[in-house]
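Asker: Supplied in structure tokens, the structure appears directly below.
Each value in this text was obtained by applying a stated rule to the coordinates, not by laboratory testing. This one's a predicted model, so the numbers in the text were calculated from it and none came from an experiment. Ideal geometry is used to build each Cβ from the backbone, glycine not excepted, and the neighbour counts take in all protein chains shown.
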Amino acid sequence: MKERELVIVGGGPAGMAAALAARASGVGDVLLLERDQHLGGILNQCIHPGFGLHHFKAELTGPEYAGRFADLVGRDRGIEVSLRSFAVGLNREKELSYLRPGALEEVKARSVILATGCRERTREMIPIPGSRPAGVYPAGLAQKMVNLEGWLPGREAVIVGSGDIGLIMARRLALEGVKVKAVIELQKVSRGLVRNVVQCLEDFGIPLYLRHRVSLIHGRDRVEKVDVVKVDEEFRDVPGSGFSIPCDTVLVSVGLIPENELLEMAGAEIDREKNTPVAPSVNLTSIPGVFACGNACKVYDLVDWVTRDSELAGRLAAEYLGLGKPPPARDASE
Amino acid sequence: MKRPMTCIACPQGCFMEVETDGSRLIGVSGHKCSRGAAYARQEIEAPVRTLTTSVLTRGLELKMLPVRSSKPIPKEKLFAAMDAVKLITVTSPVKAGAVVAADFLGLGVDLVACRELGSGLDS
Ligand SMILES: Cc1cc2nc3c(=O)[nH]c(=O)nc-3n(C[C@H](O)[C@H](O)[C@H](O)COP(=O)(O)OP(=O)(O)OC[C@H]3O[C@@H](n4cnc5c(N)ncnc54)[C@H](O)[C@@H]3O)c2cc1C
Ligand code: SF4
């Protein structure tokens, strides 16, 4: 089995930052695995501006932010990028297997960084009663359809959940000519940034119903309407407050959950509720030499902090390999 | 006339109070930095937004190319801009930052590519 100093799984902003930082700390040989055909992760579909204000002091779109790192990674001879490579197995001995077109590869790593990101919570995880017609999508999946595939999920949409992804998608659909009829939020404030409430909803006259919930989705083959009801402080339905909104599409934006199957396979301790590694500090796992960073470690709102913390993961891996800190300046002058 | 306004120039989202005479800014408070005051003036006098969207491609490695306006455009032109974007098809490989449409809608801003996109031949 081939040996590598460091194998990183996931080529999003976390994996790329970790790879570059590990290299800067002296790791000679990095293998970066990404299942997609491009680096960049979820940023490829986040085409709106709002990334990099801290790290680059400029407001970039997701692809622009990812592109700056992909360029650096591409130019670094010590990082081998393997695209269309899906990691499917990991054990305590840090033996990793991955599928790439036409082959199942195996590699023994001296250290591993898992940067596999998040997946979306689905309607099934937040029960909304009603039939199961077509037209109900997780908001991030809809983002991918519209921004990468170029097709619209429907003509009249209701968005459930007012996190940033839901807000950003409300604007995106409105710009594309979809009638966005409402954003429904259970809590009494939006979970997203206020600037997104302003520039994504108010700019387009989209109503935000706080302290409301979707009580029923109607429709046989395709969504026809949703029932909405107001809730009180204890989240009980307020009698007589119900109303219906006709629509053919419902986007569900109810949060993200870290993707940590590989870590689980390797037998590391996992927090069952949050699906995150159990460890004394950020980026560590219960297995020495196996690190986690970015959205796989905890759900981040801002990619700038993903970059910052993932750089630390790269340095931790270097330290674990006995490399770590560069020699102090006086050594160099001797 | 005084009214509340949220600064959207950065994720802080400061709650400001602006005073106007209907079309011009007279006073502003609540902003944590000078960009807030500049935003308030712009928003009262001529609100602008950066347009980000994606355009159709043909023969390239992805079906859609993400693009942005090189500078913010008047808010009331957003939908006209979207209509014009739908008429564009990109057919040759681009680098990030390449101009996809120059002087877009005569607004003095360019539509630029947000990523590199190669030809679809190798995939
Ligand atoms: C739908 C969605 C929308 C978002 N919108 C915003 C936003 O608007 N603004 C913002 O600041 N943040 C947003 N975020 C948060 C954003 O995810 C983080 O800021 C950042 O992109 C996380 O980076 P990451 O590298 O940890 O994860 P990701 O970007 O998700 O990258 C993980 C990478 O790992 C790869 N991968 C996963 N498993 C494997 C495997 N087994 N083998 C090989 N490769 C694998 C994936 O293909 C992916 O490329 C959004 C997140 C999601 C899910
Ligand atoms: S006033 Fe300054 S700090 Fe506050 S939101 Fe605007 S730009 Fe950000």
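Asker: Starting from the Cα of A:Lys108, draw a straight line to each of the lysines and keep only those under 21 Å, dropping any in the same chain fewer than 8 residues away.
Answerer: A:Lys2, A:Lys94
Asker: Here's another thing I want to ask about it. Sort out for me the Cα centre separation of the range A:147-225 from the range B:62-123, rounded to whole Å.
Answerer: Going from one Cα centre to the other spans 25 Å.
Asker: Sticking with the crude label model, points 7 Å out along Cα→Cβ, report the distance from A:Val282 to A:Asp71 in nm, one decimal please.
Answerer: My value for the distance between the label points is 2.6 nm.
Asker: Shifting gears a bit: Report, as an integer, the average count of C-beta atoms from other chains found within 10 Å of each Cβ along B:45-52.
Answerer: Values: counts 0, 0, 1, 0, 4, 6, 2, 13.
Across the residues of B:45-52, the mean count of other-chain Cβ atoms within 10 Å is 3.
Asker: Per residue of B:11-17, count partner chain C-beta atoms within 10 Å of its C-beta, then hand back the mean as an integer. Display every interim value, and only then the final one.
Answerer: Numbers: counts 12, 4, 7, 2, 1, 0, 0.
So the per-residue partner count for this stretch is 4.
Asker: Rank-order A:8-14, A:255-261, A:193-199 by packing density, defined as the average count of other C-beta atoms within 10 Å over each peptide's residues, highest first. Write down the numbers at each step before the final one.
Answerer: Numbers: A:8-14: 30.0, A:255-261: 18.9, A:193-199: 21.0.
Result, highest mean Cβ count within 10 Å first: A:8-14, A:193-199, A:255-261.
Asker: Below 19 Å, Cα to Cα, which lysines can B:Lys95 reach? Residues fewer than 8 away in the same chain don't count.
Answerer: B:Lys63, B:Lys71
Asker: What share of all Cα pairs of the range A:194-334, in percent, falls into each consecutive 10 Å distance bin?
Answerer: 9, 23, 22, 20, 16, 6, 3, 1, 0
Asker: Once the convex hull of the alpha carbons of chain B is built, what does its volume come to per residue, in cubic angstrom?
Answerer: Working: hull volume 14.2 nm³, N = 123.
Enclosed volume per residue, from the Cα hull, is 116 Å³.
Asker: May I ask you to derive the relative contact order of the range B:21-73, considering only C-alpha pairs under 8 Å and at least 6 residues apart, and to give it as an integer percent? Spell out each step's value before the answer.
Answerer: Working: 48 pairs, mean separation 15.4, N = 53.
Relative contact order here is 29 percent.
Asker: Also, I was wondering about something else. What is the mean number of Cβ atoms from other protein chains located within 10 Å of the Cβ atom of each residue in peptide A:169-178, rounded to a whole number?
Answerer: Mean partner-chain Cβ count within 10 Å for A:169-178: 3.
Asker: While we're on this one: To one decimal place, what Kirkwood hydrodynamic radius in Å is obtained for the range A:122-252 from all pairs of distinct Cα atoms?
Answerer: Numbers: mean 1/r = 0.0686 Å⁻¹.
Here the Kirkwood hydrodynamic radius works out to 14.6 Å.
Asker: Counting alpha carbon pairs within less than 8 Å and at least 6 residues apart, what relative contact order, in whole percent, applies to chain B? Display every interim value, and only then the final one.
Answerer: Numbers: 234 pairs, mean separation 23.7, N = 123.
It comes to 19 percent, rounded to a whole number.
Asker: Among A:Gly289, A:Gly240, A:Gly89, determine the one that fluctuates most according to a GNM of chain A built with springs between C-alpha atoms less than 10 Å apart.
Answerer: Residue with maximal mean-square fluctuation among A:Gly289, A:Gly240, A:Gly89: A:Gly240.
Asker: Hey, another quick one. When the chain is fully extended, how far beyond the present Cα-Cα distance does A:Leu83 get from A:Lys144, taking 0.36 nm per residue of separation?
Answerer: Values: separation 61, 0.36 × 61 = 21.96 nm, distance 1.91 nm.
That works out to 20.0 nm of additional length.
Asker: Using C-alpha positions alone, give me the convex hull volume of chain A per residue in cubic angstrom. Could you put the intermediate results ahead of the total?
Answerer: Numbers: hull volume 53.5 nm³, N = 334.
Enclosed volume per residue, from the Cα hull, is 160 Å³.
Asker: A follow-up question, please. Students often forget the sequence filter, so: which lysines lie under 28 Å Cα-Cα from A:Lys225 once same-chain residues fewer than 8 apart are removed?
Answerer: List returned: A:Lys144, A:Lys179, A:Lys181, A:Lys188.
Asker: Sort A:74-83, B:96-105, A:164-173 by the packing proxy (mean of other Cβ within 10 Å over each peptide's residues), most packed first. The partial results should precede the final answer.
Answerer: Numbers: A:74-83: 14.3, B:96-105: 16.3, A:164-173: 25.6.
Going from most to least packed, we get A:164-173, B:96-105, A:74-83.
Asker: Follow-up. Restricting to Cα pairs below 8 Å that are 6+ residues apart, what does the relative contact order work out to for chain A? Please round to a whole percent. Mind dumping the intermediate values first?
Answerer: Values: 765 pairs, mean separation 74.6, N = 334.
It comes to 22 percent, rounded to a whole number.
Asker: Amide H to amide H under 5 Å from A:Glu5: which residues, 5+ apart in sequence or cross-chain, H placed 1.01 Å off N in plane?
Answerer: A:Asp29, A:Arg110
Asker: What percentages make up the Cα-Cα pair-distance distribution of the range B:2-46 when the bins are 5 Å wide from 0?
Answerer: Answer for the range B:2-46: a P(r) of 5, 28, 39, 20, 7, 1 percent.
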